[in-house]
Each structure stands twice: as structure tokens, then as C-alpha cells.
């Protein structure tokens, strides 16, 4: 049986166990029909031209992985958390909430679970207003919606500055020979409120994991959202991350993606600017080796005037790794005075590495400033010689140039400990021990 | 200190340097002059170990040790320094962090501990002042958007920080106005001692008025065709390079 058939068949058994009065009951049924009609995307689909799921879909995944029969101690997974700063933590193990590792709150803000939000009537108005309202109805997001039952639920009311960063971590432990996980996150940030979120998916075994994650973020008027995705999973793990960010006027949303690990990673990142004077930032550092594959598929949809968007993606590709950057900027005819900037720079370290970079600007307004730039190159030999002639050994010189290349994106990380950690991850990935302070 | 004998080097099979002989002793200043395309910059690159050039024949020793096969960084660790004719722009690395990394990597290679931060800072301040370098300049990205003069001054700043045994100044005068030239030359002169040596590579005699050479060598078509004292530089300035070429033909 194909994975698609298995999913559709399993859905009905899954659905039977759910209450009919769930606020998302009808949505689920529509979503599975949608998925059944479209199936998994193939390379024939323009948006998936450079990323094939074919080999991934051959694996027989367990759709409802069995839970781990022991408790995971904090010390086993400590490294995946920030520890110099106090944080809220929403932790899932094989798709199941771990109250033991989590630190949630209902004290004036809600940092908790989607499952409890779905179960309790008091959350119903929020769910009805926001759940699945920003997500595209494409096949993978529909598949996630059909099976959505767990994930982070974050609701920040008006005028709240959330002082602690919120960490959302999905662990998988390998209880099954292969597992499919479908976390679903909902983040609603009220007027004039601030929040910082860090999300990661982490396998604790080598058993293949396929994660199809969907996150919806709603930023109300003047809200500020700073969102970090750390993608440094084991080489057998694959991730499709679809994130939808809906912005009201004067809101500022920044999303940073650090992709160093994993087998196949696809980021579908969609920003919708629904009010005037919105500001959106999308940036990322991708450093790959072996046969790793990362695909950044971004969309910024400017529907209102006087807004800005900034995209800056840096990629360093070694061995036979492959990268894709497909960045679309859409400017509606009424969206005048838009300042949209897009930049994608890549360094290929090996002859076998590949990058496909495709900017797409669709502009229907006539008074806008839109620019894009894309470069693909090697490390500059002249610069290497210059550094080496000053006593910096070849390996360190190469690393220094790679750091320098990625530096402006790293500078955008506003949580100092996170910045240090990413710095360290980059050093490990490049294979040097020197800590350059740039 | 530097002993070069019958050095043939170039790109792939082709010789650009065709049998150079040069001996530099501690405390000496040598000038290498020559017309465009004579191999001056190639000579500087070959001594520093640039990989695109291959040594085909001859001897190249630094302090009695064969350096032909050494990497550029190993030569730097031994005390060789090249001031670039065209310093490379490296966005994202500040002048200060670059020089700190260079010094500490060199110390590491020698088995020394990192230079204490306070000492480093003091040294940076002292050398920057000597070269009349604005403090703001030090937190800018290395050479990015620098004027020609700023780039050259930055090279000499690095030279002052690294304190090499042998400094090769490749066309350091190009792009400098007379005031900047004096500051740079003054900086170089302050670094001169009986233990280190300088090779000045230049097309014109101008810089040599400020950094006075003990020896002047004329490089034409990959060979040193004439050597003399500083008066040779004036002669070249007056007569150009053609008379030397004529002399060579006659021989």
C-alpha cells in the first residue's frame, strides 16, 4: 500500500475516535478529501521541481508511533535547550506532550498545547478565529490539518512583552523503525505584544523520521514576533516545514532559519501582509554536506501599501549536497510604496554540490522598490591567500571566509545564547575549533 | 636571512622568473625596481608562497631553511610578511578581529599562548596612532570600501602588528598621495632594526626617498640585470628603463 493510501485509510479510524463537536471536525474532513484528491507533490509540480519526495515516500512509516516506555531525563536532551536563559518549553516526544520536560504557563498568557486548546470550550473562539485560516490548502498542509491533534498553542493577549523565549521542541526516539510526525502549531500574538520563539525537531535515534509540520502565526496590530528555526537533525531525518505568517498593520515579524542537518528539508515559508506599514524579515544560513538537501520556498505577499520585506539567505554547499532557493514576492496593485528586498548568496565548495536559485517577482503596483540579487560562487582564492599570508592556516582561513559570508545573518539573532550556540554549530559544521568573534 | 639562487618560477611550465639571485641580510633594505611586466609582483608572490606559482629550479632559503615547499601560513609563521599591492576586501571581518586572529594563529603555530586581550588592545592602539589611523577605521570590515591610501596604510598597520623579520612591500607607494606616503614610510622606518630586513618593490623612485635602500636591483624580464646602491634609483628615475634594456642587448 502506498503511503498516501495508508494515510487515507488510517484517517477514518483516527477520525472515529475524535469527538464530532471538535471545533475543527469539518476542517479535518475537508482536508483529507483535499489530500486524497491531490496526493503528495511530485517534481512535475513547478513548486517542487528541484525537490523530490519519491525516495522518502518509499519508507513504511508508522503514522501513530507508539509512545516511549520510559521517561526521558532532562540531562539526556539538555543540549537541545538553551540553558543560560530561562525559557518556556513546549516539548513533545514522538508526537506526545511531555509534561516532565515542558514548562508551560497560563499566567496572563497561554503557552501550552494544541490538544488541550482543542478540548476546552474556552479556547473555542480563538480556534475558530485563527485555526487553519492562514495555512494554504495544498496537499501537505491539508494532510497535516486532517491529522492535527498536537503541537504548541501560544496565545499572547494585547500589550504583553513575553520576557522569556519560548522553545518548541519535537523529539523522536525511534520507537518505530520509521515514523511520520505531524506537529501543528498555532501562535497568536495580540496587539502591541512581543514574543520570541525557537523551534527545533530532533531525532534521538537513527531510525528514519519524516516530519510534516505546520505552523500558523498571527501577528496583530503592532505585534513583534521573532521566530528561530534550528534545523540540525540527524542525517536520517527529513522535515517539511510549512509556516504561515499573517501580519496586521504595523506588525514586525522576523523568521530566521538555520539549516545544518537532516536528510531532506523543505521550508515553505509564507508571509501575508494584511495591513499597512508591516515589516517582514526572512533570512537563513544553510550549510550542507554529504547528500543533504535543503529547499527554501518563500512567499511574501504584499497586499497593502507602505510595507517592507527583507529576505537574505546564505548557503554553503559541500560534497554532493543540494540547495534550492525559490523566493516569490507578490505585490498587489493597491500595494504602493512597497520596499521589497531579496538576496540569495551561495558558495559551492565542491564540484558535486548544486544550488538552484530562482527569484520570482510578481509586481502589479507601479510605485514600488523591489530588488533581488543572487550569486553563486566559490571561496575567493585571492582572499584565502591574503589570510594565509598573515599566518592563518588554510582550514581556519576557509572557515573565517565562510563565517564572514554568513555573518550578517548571524548578526540578526537577538538572543545572545542562541547566537553563541549557532556560532558553535557553524564551527562544528565547518570543522574548526577557533571561535572567531566577528 | 633570505638567500635566493638561480630561481626559476612561473605559472605551469612557463618561467616568469628566469634565474634570480638575491641575498638579504638582517638590517638591510633592498629595493627591486623594474618596468611593468618584469616579474616584480610574481617575485613577491613566489617568496610568500602563492600557490598558482611553481618553483621550477633554484634555491629559496629563509634563515638557512629551504622554504620552497612551505605553505604561505608557514612562511608567515617564520617571519615573512607581504604587503599586498592589491589588498583583498573581506566583508564581515573587521580590521581588529582580523589582526587578532592573525597574531594569535601565528602564536599558536609557534606553541605560544594567545596574546592577552589587554596587551593586544594596547598594541593595536599604539600602532594605529603611529600610522595616524582613526580608531573607527579599525572596526570597519577589512578593506571593504577603503580608498587606495587606506588599504595601503592598513597593510603597514598589519606589518607593524605582526613584526616580521622580513617585510616585502609590493608597490606600497601606488595610490598614495605625498602626505600618506610620508606617514607610511615613517611607519616602516620606525619598524626597521638591525635584526629585520625590508624588500621594497616599486616602479618609481619616489618611495625610496623616504625608505632609503642599501641596495637597488633592477628586474627586467624575470632577471636581475643590474644592482647598485641608491644612486641607481635616481639614475632610473632620470633615464627610465630603456637604457638598461639597451645595455642588455649590447651584452
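No lab work stands behind these numbers, since they all come straight from the coordinates. As the structure is a computational prediction, the values presented were derived from the model and not from experiment. Here the Cβ is made from the backbone with ideal geometry for all residues, glycine too, and neighbour counts use every protein chain on show.
Altogether, the Stokes-Einstein calculation at 4 °C and 1.567 mPa s, with the Kirkwood radius of segment A:156-214 over Cα pairs as Rh, returns a diffusion coefficient of 97 µm²/s. To the nearest ten degrees, helix B:95-109 and the longest principal axis of the Cα atoms of chain B are 80 degrees apart. Considering only DSSP beta bridges whose two residues both sit in chain A, what percent are antiparallel, to the nearest 5? Here the share of antiparallel DSSP bridges comes out near 5 percent. Report, for segment A:77-179, the % of DSSP beta bridges that are antiparallel, rounded to 5. Percentage antiparallel, nearest 5: 55.
Within the listed set A:125, A:157, A:208, the Gaussian network model of chain A (springs between alpha-carbon atoms below 10 Å) gives the highest mean-square fluctuation for A:125.
Pair-distance distribution P(r) for segment A:330-438, from all Cα-Cα distances in 10 Å bins starting at 0: 12, 31, 30, 18, 8, 1 percent.
Relative to the longest principal axis of the Cα atoms of chain B, the long axis of helix B:117-130 makes an angle of roughly 50 degrees. Take the alpha carbon gyration tensor of the protein assembly as shown, find the square roots of its eigenvalues, order them as a ≥ b ≥ c, and report rounded if a/c is under 1.5; if not, report prolate when a/b exceeds b/c, else oblate. Prolate, since a/c reaches 1.5 and a/b exceeds b/c.
For the peptide B:105-111, the mean number of other protein chain Cβ atoms found within 10 angstrom of a residue's Cβ is 3.
Considering only alpha-carbon pairs that sit under 8 angstrom and 6 or more positions apart, the relative contact order computed for chain B is 28 percent. With the helix formula -39500 (n - 2.57) applied to DSSP H stretches of n ≥ 4, chain B reaches a computed 222 nm mean residue ellipticity of -11000 deg cm²/dmol. For chain B, DSSP calls about 55 percent of its internal beta bridges antiparallel.
Over the Cα atoms of segment A:382-438, the radius of gyration divided by the Kirkwood radius equals 1.00; this is the Rg/Rh ratio.
How would you classify chain B from its alpha-carbon gyration tensor, with a ≥ b ≥ c the square roots of the eigenvalues: rounded for a/c under 1.5, else prolate if a/b is greater than b/c, otherwise oblate? Here chain B falls in the prolate category. A helix-only calculation puts chain A at -6500 deg cm²/dmol for mean residue ellipticity at 222 nm, using -39500 (n - 2.57) for each DSSP H run of at least four residues, averaged over all residues. The shape of segment A:3-274 comes out rounded: with a ≥ b ≥ c from the C-alpha gyration tensor, a/c is under 1.5.
Rounding to the nearest 10 and keeping the result within 0 to 90°, find how far the Cα-based axis of helix B:178-191 lies from the longest principal axis of chain B. In chain B, helix B:178-191 runs at an angle near 80 degrees to the longest axis. GNM on chain A, alpha-carbon springs under 10 angstrom: the most fluctuating residue among A:259, A:52, A:321 is A:52. Comparing mean-square fluctuations of B:150, B:238, B:73 from a GNM of chain B with C-alpha springs under 10 Å, the top value falls on B:238.
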